[in-house]
Each structure stands twice: as structure tokens, then as C-alpha cells.
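The values are calculated or read from the model by the stated rules, or taken from the named source; none is laboratory data. Keep in mind that what you see is a predicted model, and the values were worked out from it rather than measured. Methodologically, a virtual Cβ is constructed for each residue, glycine included, from the backbone with ideal geometry; neighbour enumeration extends over all protein chains shown.
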Amino acid sequence: MSSSSSNTRLLPRALMAPAIGTLFLWMIVPLCMTIYFSLVNYNLMQPGERTFAGLDNYTYFITDPDFWPAVWNTLLLIGSVIGITVVLGVLLGLLVNDPFPGRGIVRVLLISPFFVMPAVNALLWKHMMMNPNYGVLADVWRHFGLTPVDWLTDWPLLSVIIMVAWQWLPFACLIFITSLQSLDREQMEAARMDGSNAFQRFFYLTVPHLARPMAVVIMIEMIFLLSIFAEIFITTSGGPGNASTNMTFLIYKQSLMNFDVGVASAGALFAVIFANIVSFFLVRMVGKNLD
């Protein structure tokens with residue numbers, strides 16, 4: 001009997017072992033190579049020279065004048081996009097939750113920006129919306145007798161936040177719309193009959209009901225927003241100066257613009273540590289909401 005149960009336990013593990021081993025190698029080999037390159041002086045302009053550097057690459061990356069602005073821009077980008085998408089996502093979800101003519105078409109239009117690729121999203125906003133000469137926003141400014149704003153030059157980080165939030169807003173809106181479908185209608189009706197107004201029903205019934213979806217939206221968006229690159233590369237190139245440079249773009253500048261693989265690898269490992277620190281506090285916050 002014990003032999004049979006032992007075989008029953010071993011068979012699933014044996015079948016899963018190749019997939020787990022492949023996944024482990026797929027993760028550990030690039031990590032080990034990154035650690036190796038971060039400890040040597042390796043420049044693509046001199047590929048034959050790989051002298052041991054120790055922690056010099058890490059020191060150089062952290063003392064880079066663009067380092068702390070990049071950290072601040074990364075945190076500001078993540079916080080702003082999450083704040084915009086959560087707030088507007090809840091409001092739009094409430095707006096289209098009740099039946100009205102054409103609700104299906106409106107929902108499709110709300111979700112459609114999420115399927116736009118990041119590069120296309122950046123080009124769309126750069127040329128069609130934010131261009132100071134022929135962009136839609138420039139025409140709106142002229143209509144009211146105002147001088148058009150050169151968004152990507154005067155407000156580079158804000159411009160990136162707007163275009164990234166526009167792309168991620170449908171995701172948050174979809175999650176909240178789905179969650180609102182399970183809101184207890186009888187409880188809402190009872191609260192209305194007891195004399196509570198719309199704001200009271202929203203803060204005491206709707207918001208607690210959306211606590212878990214909010215936590216899920218924040219966690220998923222945090223993971224993807226840490227690696228925002230295409231929007232910055234196509235629109236502002238991290239500038240002017242370092243005004244819109246985040247951690248991902250700073251690593252790109254060190255690797256492909258300065259050809260310094262060693263410093264870029266050190267930056268990549270720092271980005272991994274930075275992401276884990278942020279995720280640690282995020283998971284704790286999400287875990288409290290899911291309890």
C-alpha cells in the first residue's frame with residue numbers, strides 16, 4: 001500500500017521535472033551571466049578585454065548623476081499611473097455599470113486602448129495628440145486662443161505618464177466593471193431606502209467591495225510599469241536632460257549608448273533588487289486587502 005502511494009506521488013513529480021528544470025535554467029542562466037558581466041570591465045568597443053572589476057561597476061552606476069533622478073522618475077511614473085488608472089477606472093466602471101443604450105459599444109471602446117502596442121501608443125500621442133504644430137491638443141489650445149504647449153519638451157515626464165495611463169486605464173476599468181457586476185443590489189437598495197445618499201453608498205459599500213480588485217490592479221500594474229521603455233525611447237529619449245529617464249532607460253543608456261555591458265549589468269541587478277523591494281511592500285499591502 002505504501003509502495004503504491006509512493007509511486008502515485010513520484011509520477012506527477014517525474015512528469016513535471018523536465019518543465020521545471022527547463023524553467024529553472026531559463027531563469028538562472030541569464031541571471032548568472034548578468035552577475036558575471038557586472039563583476040568585469042566589459043565594453044563592446046573593446047570586447048577582448050574582460051578584467052575583474054569587483055564592485056566598481058556598481059559604484060559607477062550608483063554614483064551616476066542620472067541615478068537618483070531615474071529612481072525618482074520611476075517611482076513618480078508608477079505612482080501617478082496607478083493613481084490615475086485606479087481613480088478613473090472606478091469612476092468609469094460606475095458610469096457604464098448601469099444599463100443604457102449602446103453600453104456594449106461603449107465598453108468595447110473603453111477596453112480597446114489596452115490592445116494598442118506600446119510603440120504604437122507612443123507614436124500616436126507623439127504625432128497625433130501632443131505635437132505642438134498639428135496635434136489635436138494644439139488645435140484645442142488654439143481654439144481657446146491659447147499658445148499650444150510643446151508637451152514632450154516642456155512636460156516630458158507628465159507626457160509619458162499621460163500616454164501610459166491612457167493605455168493601462170482600460171485594464172483597470174475592465175477589472176472594476178467585472179467586479180461591480182457582483183455587487184449586492186439588494187444591499188444597495190436597502191441602504192438607499194434607509195436614507196443614505198450616493199456618496200455614502202459609494203464610500204461604505206462600493207469602495208470596500210472593490211478593495212480586492214484594486215489590490216490586484218495595483219500589483220499587476222506595478223510589475224509592468226517598472227519596465228516602461230518604449231514610450232520613453234520613442235517620445236523623449238529620456239530628456240530633456242534626465243527629466244524623463246527611468247531605471248530601465250538609464251540601463252539602456254549605459255549598455256547601448258555607452259557600450260558598457262559591465263555597468264549596464266550592474267544596473268540591471270540593481271533594478272532587480274529595487275523591484276523586489278517595491279514588490280515586498282506591495283505584496284504586504286495587497287495581502288492585507290485579500291485577508
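A few remarks follow.
Let's see how each residue does on (1) at pLDDT below 90; (2) closer than 16 Å to Phe176 by Cα; (3) among the acidic types (Asp, Glu):
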| position | (1), (2), (3) |
| --- | --- |
| Thr74 | no, no, no |
| Leu77 | no, no, no |
| Val106 | yes, yes, no |
| Met117 | yes, no, no |
| Trp125 | no, no, no |
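- Leu210 vs. criteria in contact with a Leu (Cβ under 9 Å, 6 or more places away or on another chain), crowded, with 20+ Cβ neighbours inside 10 Å and either assigned by TED's automatic domain parsing to the domain that holds Leu95 or closer than 26 Å to Ile111 by Cα (or both): yes
- Count - residues of the range 131-169 that are touching a residue at least 60 places away in the same chain (Cβ under 8 Å), within 30 Å of Gly93 (Cβ to Cβ) and hydrophobic (A, V, I, L, M, F, W, C): 8
- Given (1) at pLDDT 85 or above; (2) surrounded by 10 or more Cβ atoms within 10 Å (Cβ to Cβ), index of the condition Ala19 fails: (2)
- Flag for Ala138 being over 21 Å from Pro113 (Cα atoms) and buried (at least 20 other Cβ atoms within 10 Å of the Cβ): yes
- Here is the figure for the range 60-100: residues that are buried (at least 22 other Cβ atoms within 10 Å of the Cβ), under 25 Å from Phe281 (Cβ atoms) and small (Gly, Ala, Ser) total 2.
- Listing of helices (runs of 4 or more DSSP H) fully contained in the range 165-273 that carry 1 or more residues being under 26 Å from Arg284 (Cα atoms) and more than 15 Å from the chain's Cα centre (by Cα): 211-225
- Qualifying residues in the range 53-101 (those that are more than 23 Å from the chain's Cα centre (by Cα) and of a type in the set (Gly, Ala, Ser)) - the one farthest from Asp260 (Cα to Cα): Gly54
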